[in-house]
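Comments concern the structure below.
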Amino acid sequence: MSKKIAILGCGYLGKELAKTVLAKNWEVTALTRNPNTIYELREMGVANVCQGILAEDVWHSQINPEQDFVVNCVGAASPSVEGYRESYLEGIRSIKRWMSPHCKTRFVFTSSTSVYPQSSGERVDEGSSNEGVSERGQILLDAERECLSLNSERITSFVLRLAGLYGPDRHLLINKVRAGEEMSGNGQRILNLIHRNDAANAILGVLTHSECKNGKIYNVTDNEGANREEITNWIADKLDLKRVKFAQNDSANVPNRLVSSDLIRSEIGWHPEYPSFRKAYEEMLAS
């Protein structure tokens, strides 16, 4: 039987999720603030596409809340504190006002591993402390609590804390290596990453895993644990270019930790197609 899913904030990650579930003949509804994305989604076969700002309530009357699954994968309107508050915290509060308490649904909110403030290279998991997190990280934690407060007899909600998204059309490190420009910060800082396709599959895995009944928090990362210098050196060597230098100017409290995704692997059975940056960047360099 075909399932119905609403993807709210259907951008870089949401489009890949839409593509994945359309292949399963699911009925997809999408909300995006980007007018260019509307055309792309319709070309993909998304029947109902709505343009709007998630934090506002105008879209409520345009999207049926009777959905099997709802995914909030909105990105920040801007990197400022105000942009985070509008997109994440006010966005999820808008979803709560829209969501019908009478329908049975599973809800996923994509948060970020930036909620972990640890700075000494230690390994962290879902039970690690968030004390000392940045103001933007605190907004994400507040949004996570709003998400999990939806849990009831009929609504099951989950938080997925995504590492840094990369993949097709996201070539920031490649571009910097090609430009030969100095990188800010310390080269030894761990860069926790997750490929866009693997993030989409993690969302789908949580939505459809029948034994996962209680709302939980899961980290989603490839567990590679490579540092910034290791990755940029690898790219430079592949391109036969000079290795970039790092300014080595991080302050003492800049987050530097290895984020573990062991929990989602063991409980959901999710495993990344791209367990290392090398496979992904091989494909990107070849394209």
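Cβ-Cβ distances below 6 Å connect the following pairs, each with a first residue in segment 234-257 that is touching a residue at least 40 places away in the same chain (Cβ under 8 Å), a second residue that is among the acidic types (D, E), and a separation of six or more residues or different chains: K245/E182; A247/E182; R257/E122. Among the residues of segment 173-190, is there at least one that is closer than 26 Å to I95 by Cβ, touching a helix residue (DSSP H, G or I) at 6+ places or on another chain (Cβ under 6 Å), of a type in the set (G, A, S) and surrounded by 17 or more Cβ atoms within 10 Å (Cβ to Cβ)? Looking for residues that are closer than 26 Å to I95 by Cβ, touching a helix residue (DSSP H, G or I) at 6+ places or on another chain (Cβ under 6 Å), of a type in the set (G, A, S) and surrounded by 17 or more Cβ atoms within 10 Å (Cβ to Cβ), one finds none in segment 173-190, hence no.
Of the strands (runs of 3 or more DSSP E) entirely within segment 1-106, those holding at least 1 residues that are over 26 Å from L140 (Cβ atoms), charged (D, E, K, R) and touching a residue at least 24 places away in the same chain (Cβ under 8 Å) occupy 4-8, 27-32.
Residues of segment 124-152 that are buried (at least 17 other Cβ atoms within 10 Å of the Cβ), of a type outside the set (A, V, I, L, M) and touching a strand residue (DSSP E or B) at 6+ places or on another chain (Cβ under 6 Å): E126, E144, C147.
Quick check on segment 74-85. Is at least one of its residues surrounded by 13 or more Cβ atoms within 10 Å (Cβ to Cβ), basic (K, R) and closer than 27 Å to T208 by Cα? No, segment 74-85 contains no residue that is surrounded by 13 or more Cβ atoms within 10 Å (Cβ to Cβ), basic (K, R) and closer than 27 Å to T208 by Cα.
A quick yes/no check of all residues on (1) at pLDDT below 95; (2) closer than 30 Å to L22 by Cβ:
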position	(1), (2)
N201	no, yes
K213	yes, yes
V220	no, yes
E229	no, no
D237	no, no
D240	no, no
N249	yes, no
A252	yes, no
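Applying a threshold of 9 Å to beta carbon distances and a minimum spacing of six or more residues, or different chains, the list of pairs starting in segment 130-143 at a residue that is farther than 12 Å from I92 by Cα and ending at one that is basic (K, R) and at pLDDT 95 or above reads R136/R85. Restricting segment 206-228 to residues that are within 17 Å of Y166 (Cα to Cα) and not polar (S, T, N, Q), the residue that is surrounded by the most Cβ atoms within 10 Å (Cβ to Cβ) is V220. Does Y88 satisfy the condition of being within 21 Å of N253 (Cβ to Cβ) and among the aromatic types (F, W, Y)? The answer is no for Y88. Counting only helices (runs of 4 or more DSSP H) that sit completely within segment 137-248, those holding 3 or more residues that are charged (D, E, K, R) correspond to 228-239. Taken over segment 47-65, the criterion of being at pLDDT 95 or above and among the aliphatic types (A, V, I, L, M) is satisfied by V49, I53, L54, A55, V58, I63.
Could you tell me how many of the residues in segment 159-169 are under 23 Å from K242 (Cβ atoms) and surrounded by fewer than 16 Cβ atoms within 10 Å (Cβ to Cβ)? The total comes to 0.
The values are calculated or read from the model by the stated rules, or taken from the named source; none is laboratory data. None of the values given here were measured: they were computed from a predicted structure. Backbone-built Cβ (ideal geometry, glycine too); neighbour counts: all protein chains shown.
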